[in-house]
Amino acid sequence: MIPIIEFNHITKLFPGVNALVDVSFSVVKGEIHALVGENGAGKSTLMNILGGLYSQTTGRMKFCGKEVVINNELAAINMGIGIVYQELKLCPNLTVAENIFLGREIKEGMGKVNWKKMNVESRSAMLALNTEIAPETFVKNLSIAEQQIVEIARSITKNIKVLILDEPTSALTLKESESLFTIMKELQQKGVTIIYISHRLEEIMDLCDRVSILRDGKYQGTFVREEITLKKLVKIIAGKELIDVLGHSYRKYELNKPLLIIKNLSSPGLFKNLNFTLNKNEILGVYGVQGAGRTELLEAIFGLNNKITGYMELNGKRITNRSPSEAINNGFAMVPEDRRRVGIFPNFNIFENIIVSIGKDVSNLLGFVNNCKTLDISNKYKTELGIKMKDLFQNIQNLSGGNQQKVIISRWLATSPKIFLVDELTRGVDVGAKAEIFKILRKLRDDGLSIILVSSELTEIISESDRVLVMRNGSLVAELNGQEINKDKIIYHALCG
Amino acid sequence: MVKSFKVLIKIGNSTREIGVFAALVLLVIFFSITSPYFLKVNNLLNIIRQISLLGIISMGMTMVIVSGEIDLSVGAVYGAAAIVCGMIITNGGPIWLGIVSALLTGFFFGALNGVLSTYGRIPALIVTLGMMNIARGSVLVLSGARVISLSSRTVSAEGLDSFLFLGQGKIFQIPIISIIFILTVIIANIIYSKTLLGFRMRAVGGNKSAARAAGINQKFIKIAAFSLTGLLCAIGGILNLSSLANVQGTTGSGLELDVISAVIIGGTSLNGGEGTILGTFIGVLIMGVLKNGIILLGVSPFLQMLIIGIVIIAAVAIDMWSRSKSE
C-alpha cells in the first residue's frame, strides 16, 4: 500500500464557486481508483489540478512521496501523469500516428520528422492496446471508441505512472466499454495506476479496487470495493437511494390516441422503412446500439435531414419538416444529442439561451423583443425546472451539465411543443440531476406532451418509457409493451433478435 | 428583482466597451497634452466629419462579423454606388433616381454576397474578395476610369445644390454627414440590441449548428446582415460623392481594411457572436482620433499606418488576454 499520489487539504476556489474544499486522500500505487460524484462535485477540477491545467488555491500534493507543484500540462506528462479527457482532444485531420506523437514527434536531425518510425511505434502501441487501427488512418474516419483508444495510446508515454480517464465510457457502447476495461486491466498489470472517473456505477463496482467519493467539492470517503454496495455508493453520492432516484414511470395512460404517425420513413444509408405511431401522453423510448439509426431518426423527424422518403401524419394531416423552423411551427421540439456542439450558445448567458427559439411570440411586428415577456418566461422555467444558477445572466458555460440541459429543455418548453424529441438527455449528467430531469419529463408527459426518448442507457429506457421501440442497423426490429420492457428483451432485440 | 436584472444586463454587456472607452480617453488626453490644436472645437468637428463615412459602413460590418462572416467588398461597393449615382446624374437623370439606383446597387451587391455565402456555400472571405473585384471592375468598365464630377455644367437636373448640401452642409456647425452617421449608429444599435434580428445575428455567430437546431434561419439572418451592409456602403458612397462633388473608379479602395480595423478595435470578435454597436462606435472614434492626432503632431503619414497597425494588434491582444484570464 504505497501511495503514489497524496492530496493534502486541496482547496480550489473559482469566482462564485468553491469547486474543492479541503480534499485529502491518497491513491495507492498500481490500483484502479474510481473517483465518483455528481456533476460539479469537483472530480474534473481535482484531475485538472493533477494534470497541471489548474493550480490549487491552497493545499499540497505529493507524487511518489515527494511534494510537487505541477504548473503545466507538460510538467505532468514529464512526471508520468497522463489524462484522457471527457471531450476527446484529437485533430481529426491528422492520422492516428500523427496524433499519438503530436507535440513529441520523432525527429531525425535538421528538423525532419521520421514518419516511418512514428508509424511503426504507433502500430506497436495499438497492438499493446489490443487493436489494429492502422497508424495511417485519419482520425476523422474512426469511431468514437477507436478515437478513445488513440487518445489513450497518446497518454501512455514511456514513463507513464498514472493514467487518468475522465468518463471514458459515456459515449461508448457496451461492447466497446468492455474492451476498454480489458485494456485498463492490462495496464494495471503492467504497474500503471489508473484513476477512473465515471457516472456508471455498475462499471465501477466491477472494475475498481477502491473508490473515492466527492460531493459538492467535499471529500466523502474512500472505500475498498468489497466494503461497499452499489446502493450505499449511490446514497453517499447523491444523498438519495437509487430507488428514489430512478423509480418506474407510471404507465397509467391508455396509449390509444395517435398523435404522430410515421410511414415508410427511409433515408439512404441511415435507416429504412420505419413505421410507428406516437400517442398523446406517451413517452416512447427508442433504443439501439450506436449506429443503429436512433439519432438519425430524430434528426429526420425534426427537419435536420432532407434526404428522406416516406411521410409523417400529425393529427391525421400529412406534414413535412424540411427545416427545424418548420418542425417548430408544427409543434416539434428537440434536445440534441451533442449538447456542446448543437445545444448551447457559448456566447450567450442563461437568459439568452432560454429565449433563443421563441422569437415571434415575444416580438412585435417590427421585430422588437419584449424584454419583460422574455424575462418572465425565463424566470418561470428557472423556478419550474429548478435550474441552479447565480442569476439568469450568468454565462451558460459555468453551469453543470445537468443544469445546462435544463436550460435547453426550458428553451424548448417556451415554444409550447406538442411533440418533444430528446436525444441522450442525461449524457454526462449525474444521478441526482438525472432524476430531476426525468421528473420533469414525466410531468410533461402527464400534462399531455408526447415524447420520443432516445437513449443509450438501458436503465433510463426501462424506467421511463411507456413503450419501447428497438432499432438495429437502421431498421425497427421490435416494439415492446408493458412487461416486455426489460433488460433481456431489449438487449436481445438490439443485438441479434 | 427585474430592475436589478436590467442593471446586470447593462453591466454584463458593457465590460468590453469600458476597456475600449478607456483607451479612447487615454488617446484624447495624450493628444490634448501634446498638441494645442487637438481639443479645439473645429478640430473635433473635423475628426467627426472624417470618420462619418467609415463609421456608417462599420455599423453594417459589425453585424456581418458578429454573424460569423466577413465582408471585404465594402470599399468597392461604396465606390460602385457612388459611380452609379454620379453617372446617372451627369447623364441627365434626376437626382432621386441616382440616389435610389445607388442604394439598389449597394443592396444588390450585399444581398448577392449573402446568397452566395449561404445558399452557395462559398466561404464569405472568398465571395466578398471576388465581389470586391467584380464591383470595382464593373464600375471601372462603366465609367471608363474617368473622373465624374458634379457641377452646374455636367448636371442638368434640378436640386444639385441640395444634393451637394447633404455632403458639404452643416447644421449648427455640425456636418450633416456626421448627423447621418450618428443617426445610423442609433438605428443600428436599436436593430442590434432590441430586435430579434440582432439577437439572432449573435446566435448564428455564436453557434451555427445550435442556431439551426433552434429553428433559426441562419441563411436569412446572414443575408440580412450582408444586405444591410451593402445598403450602408451605398449611403456612404452617395454622401462621399456629395461631399467631394466628384467620384472615380478607384474611390474607396482600401476602405474595407479601415472598416474592419475599427470594428475589431471596438471589441468585436472575428469568431462571431460577440461585439456591440457601441464598441464599434468607440472603435471608429479611436481610428479618427489617432489619424488626426498623428497628423497634428506632424508625424509622417507612413508612421501613421505603422501606429494604427500596432493599435489593431494591441486591441485584440488585450481583449484575448483579459478573456483568457477570466476563464
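Quick note: the coordinates plus some simple rules give every number you see, no bench work behind them. Small disclaimer: the values here were computed from a predicted structure and weren't measured. Virtual Cβ from ideal backbone geometry, glycine too; neighbours counted across all protein chains shown.
Pairwise inverse Cα distances across the stretch B:261-327, averaged and inverted, put the Kirkwood hydrodynamic radius at 12.6 Å.
Measuring spread by the Cα atoms of chain A yields a radius of gyration and Dmax of 24.0, 75 Å.
If both residues of a DSSP beta bridge must be in chain A, then about 55% of such bridges are antiparallel.
Just so you know, the Rg over Rh for the stretch B:59-152 is 1.03, from Cα atoms, with Rh as the Kirkwood radius. With θ taken as phi - 60° and the Karplus curve 6.51 cos²θ - 1.76 cosθ + 1.60 applied, the whole-hertz 3J(HN,Hα) list for the stretch B:236-245 is x, x, 4, 5, 5, 4, 5, 7, 9, 6 Hz, x standing for glycine and proline. Rounded to the nearest 5, the antiparallel percentage of DSSP beta bridges internal to the stretch A:379-497 is 55%. Every helix of 4 or more DSSP H residues in the protein assembly as shown counts as -39500 (n - 2.57), and over all residues that averages to -16000 deg cm²/dmol at 222 nm. Quick check: Cα centre of the stretch B:17-75 to Cα centre of the stretch A:93-141, how many Å? When both Cα centres are located, 51 Å separates them.
Under 5 Å from the amide H of residue A:34 lie the amide H atoms of A:196, A:209, A:210, A:211, A:212, each residue being 5 or more positions distant or on a separate chain, with H modelled from the backbone and absent for Pro and chain starts. Separation of the alpha carbons by more than 23 angstrom is noted, of A:257/A:443; A:62/A:232; A:107/A:158; A:89/A:140; A:218/A:439, for A:62/A:232; A:218/A:439. For the stretch B:282-296, 3J(HN,Hα) computed residue by residue from phi via the Karplus equation (6.51, -1.76, 1.60; θ = phi - 60°) reads 5, x, 5, 4, 4, 4, x, 4, 4, 4, 5, x, 5, 5, 4 Hz, glycine and proline entered as x. What is the count of Lys pairs in chain B whose alpha carbons sit under 23 Å apart, if the two are 8 or more places apart or on different chains? Going through chain B pair by pair, I get 12.
Given springs between every Cα pair under 10 Å in a Gaussian network model of chain B, which of B:127, B:25, B:155 has the largest fluctuation? Comparing B:127, B:25, B:155 in the GNM, the peak value goes to B:25.
Take A:412, B:321, B:96, A:115 and order them by how many other Cβ atoms sit within 10 Å, fewest up front.
Numbers: A:412 23, B:321 10, B:96 13, A:115 17.
Result, fewest neighbours first: B:321, B:96, A:115, A:412.
Karplus-based coupling profile of the stretch A:274-289, in residue order and whole Hz: 8, 10, 6, 10, 10, 9, 5, 6, 9, 9, 9, x, 10, 10, x, 6, with θ = phi - 60° in 6.51 cos²θ - 1.76 cosθ + 1.60 and x standing for Gly or Pro. Rounded to the nearest 20 debye, the dipole magnitude of the stretch B:2-326 is 740 debye, with +1 charges on Lys and Arg beta carbons, -1 on Asp and Glu beta carbons, and the Cα centre as origin.
The convex hull built on the alpha-carbon positions of the stretch B:230-286 has an orientation-averaged projected area of 4.6 nm². Less than 5 angstrom separates the built amide H of residue B:150 from those of B:246, all sequence-distant by 5 or more or on a different chain. At q = 0.20, 0.32 Å⁻¹, what log₁₀ I(q)/I(0) does the stretch A:362-412 have when each alpha carbon counts as one equal point scatterer in the Debye sum? Log10 of I(q)/I(0), two decimals: -0.71, -1.26. A P(r) calculated from all alpha carbon pairs of the stretch B:2-326, with 20 Å bins opening at zero, reads 32, 57, 11, 0 percent.
So how many Å³ per residue does the convex hull of the Cα atoms of the stretch B:177-225 work out to?
On the way: hull volume 3.2 nm³, N = 49.
Normalising the Cα hull of the stretch B:177-225 by residue number yields 65 Å³.
Report, in whole Å, the centroid distance computed from the Cα atoms of the stretch A:310-386 and the stretch A:453-486. Here the two parts' Cα centres lie 27 Å apart.
Distant-in-sequence amide contacts of residue A:259, defined by a placed amide H-H separation under 5 Å and a gap of 5 or more residues or a different chain, comprise A:278, A:279, A:280. Counting only Cβ charges, +1 for Lys and Arg and -1 for Asp and Glu, the dipole size of the protein assembly as shown around its Cα centre is about 920 debye. The ranking of A:196, A:85, B:37 from fewest to most other beta carbons within 10 Å of each one's beta carbon is B:37, A:85, A:196. The distance separating the Cα centre of the stretch A:1-74 from that of the stretch A:185-218 comes to 15 Å.
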